[in-house]
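Everything below concerns the one structure shown next.
The values are calculated or read from the model by the stated rules, or taken from the named source; none is laboratory data. Everything numeric here is computed off the predicted structure, so don't read it as measured data. Heads up, the Cβs are rebuilt from the backbone with ideal geometry, glycines too, and the neighbour counts pull from every protein chain shown. To get the accessible areas, we keep the full protein, side chains included, count just its heavy atoms, and leave off ligands, DNA and RNA. Shrake-Rupley method; radii C 1.70, N 1.55, O 1.52, S 1.80 Å.
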Amino acid sequence: MLKLRYTSSNKFLLLFFLGCYLSSCVSKKDIVYFQNDVIDQEKVSNSFKTIIKPDDLLQITITALDIEAVRPFNLTSVNYAAASNAAVGQATQQNYLVDTNGEIEFPVLGKIKVGGLTRDETINLLKSKLSPDYIKDPNVNIRIANYKISVLGDVNRPGSYNIPNERITILDALALAGDVRISAQRNNVLIIREEAGEKMQYRVDLRSNKLLTSPVYYLQQNDVVYVEPNYASVQSASSNSNTTLFISLTGLIITIVSLLTR
């Protein structure tokens, strides 16, 4: 029976594999959220404002005591069958698409610039155009029908998610996606957001309490959250196809070195 001697070459190989194993280990500080970084509590805010952007689908409802006066401003839409040209299904509230110029085409009033305005500013703008010429004391309700965010990368359930209440934090988004995987980088999460027609990039550290004061703590419609895999995960993915060959070659090298040093 062939007996392997404990030589300097064997020792070197053992130390090499031990180093590889230890380098793959992670500490608690690399995983845990909200570690004890000092933050300015005055900068922590629960306020959030929805900004109207191009490609938003706005559902706008006008109400007032005079029902007949508001009727022209609350249009409905229906689908028609191609063969009979008859209406199919129930009528639904018409949505208004915000075009690339930030404008909507509203009944009677025509084109209105709403891009870049908050919800409250848009409501006040419509009220000023409706009252008093068309409606006395109108009430305006606005919601974004296609409000969604996307979560991609090293999470358990990547995808796009519709947000009916139009209020979501980055933590809520990650929870919808099943949280980040153990192999994810928590200190360099990317948020891509469109601002004034430009794509902006923000980086946040989930391990830090300072996340609570980030300008992207509250997400906006169409934001994209991307979670990068860590270095070990990337290396593992790139080497999976060669793992068997590597193990075989390593065993062969150890055997050869042992024979040569007998």
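Remarks
- Highest mean first, the peptides 140-150, 61-71 sorted by other C-beta atoms within 10 Å per residue fall in the order 140-150, 61-71.
- Per-residue SASA entry for L75, accessible area with 1.4 Å probe, Å² rounded to 10: 70
- Kirkwood Rh (inverse of mean 1/r, distinct Cα pairs), region 80-217, angstrom: 18.7
- Accessible surface of region 120-219, 1.4 Å probe, proportion on carbon and sulfur as whole %: 45
- Protein-only accessible surface at a 1.4 angstrom probe places the residues T50, T255, T100 in the order T100, T255, T50, largest first.
- Rolling a 1.4 Å probe over the heavy atoms of the protein chains gives region 160-209 an accessible area of 51 Å² per residue.
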